[in-house]
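Visitor: What follows is a structure written as structure tokens; I'll ask about it next.
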């Protein structure tokens, strides 16, 4: 075992101090207090530094382990980053390939704009086409609106039951429109569920000098009923469009005609705009 040397190359065990301590510890005549004090000094000089050195060695091992753990996590993160970067790069290349036709088309359509502005214009055009396509596709009324329309027709029946107990409502459509036919079928269903008589008048060419979106035809003496029918259509079913009332004396007093002439567009809740 290597021991620490003092200056001059002498072992510490050969020093005068060590000899004095050794003599006092081995001397039976030395007072017990002095021997205990010298033994305590030995503990401080040799045992405590050794124990302290062991503690520092353990702390050093723990720190080295922490450093290795942190480094391992960094390596794992680096691997994850490389993997994610590779995925993003592949996605970018894929998206770029998909965008190429749109970029070329946008440059052709908007040559005075840069690529980003031209693509934005193309996107706006696509959104307008999408909205137009959706608005031209038939949609049934939402349940709450449907219930309200049926209530309105039921109130119409109750209001005029005394003066006209046999109301008949015929629904006609201008030809060549699937959407108008869908509107007609739904309207007939609402009228029937309200307890009124509803009939499919068919479809054909309806001639008007200035055609309205919807026309209600009735006998002049039944104008009050036609007016209430107009209110129902104008408030609960059709939110935009011209609804006219046309009086014809040849129509029986109990009969009413609803003619769907305009091209319907449908909101998300099913309400109609002509």
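Visitor: Please go through (1) at positive phi; (2) in contact with a strand residue (DSSP E or B) (Cβ under 6 Å, 6 or more places away or on another chain) for residue 187 and return the number of the only condition it doesn't satisfy.
Guide: (1)
Visitor: Taking the condition under 20 Å from residue 255 (Cβ atoms) and modelled with pLDDT of 95 or more, does residue 188 pass?
Guide: So residue 188 fits the description; yes.
Visitor: Quick one: residue 159 ticks every box in (1) closer than 24 Å to residue 136 by Cα; (2) modelled with pLDDT under 90 except a single one, so which number is it?
Guide: (1)
Visitor: A further question follows. Tally the residues that are outside any helix (DSSP H, G or I), surrounded by 14 or more Cβ atoms within 10 Å (Cβ to Cβ) and touching a strand residue (DSSP E or B) at 6+ places or on another chain (Cβ under 6 Å), restricting the search to region 204-248.
Guide: Looking only at that region, the number is 12.
Visitor: Are any of the residues in region 167-180 touching a strand residue (DSSP E or B) at 6+ places or on another chain (Cβ under 7 Å), surrounded by 15 or more Cβ atoms within 10 Å (Cβ to Cβ), within 20 Å of residue 269 (Cα to Cα) and modelled with pLDDT under 95?
Guide: Yes, region 167-180 has at least one match.
Visitor: Then there's this: Regarding residue 143, is this residue exposed (fewer than 13 other Cβ atoms within 10 Å of the Cβ) and within 35 Å of the chain's Cα centre (by Cα)?
Guide: Spelling it out, residue 143 is indeed exposed (fewer than 13 other Cβ atoms within 10 Å of the Cβ) and within 35 Å of the chain's Cα centre (by Cα).
Visitor: Does residue 199 satisfy the condition of being in contact (Cβ under 8 Å) with a residue 12 or more places away in the chain, over 47 Å from the mean Cα position of the chain (by Cα) and assigned to a strand (DSSP E or B)?
Guide: In short, no.
The values are calculated or read from the model by the stated rules, or taken from the named source; none is laboratory data. Just so you know, these numbers come straight off a predicted model, no measurement behind them. All Cβ positions, even for glycine, are placed from backbone atoms using ideal geometry, and neighbour counts span all protein chains on display.
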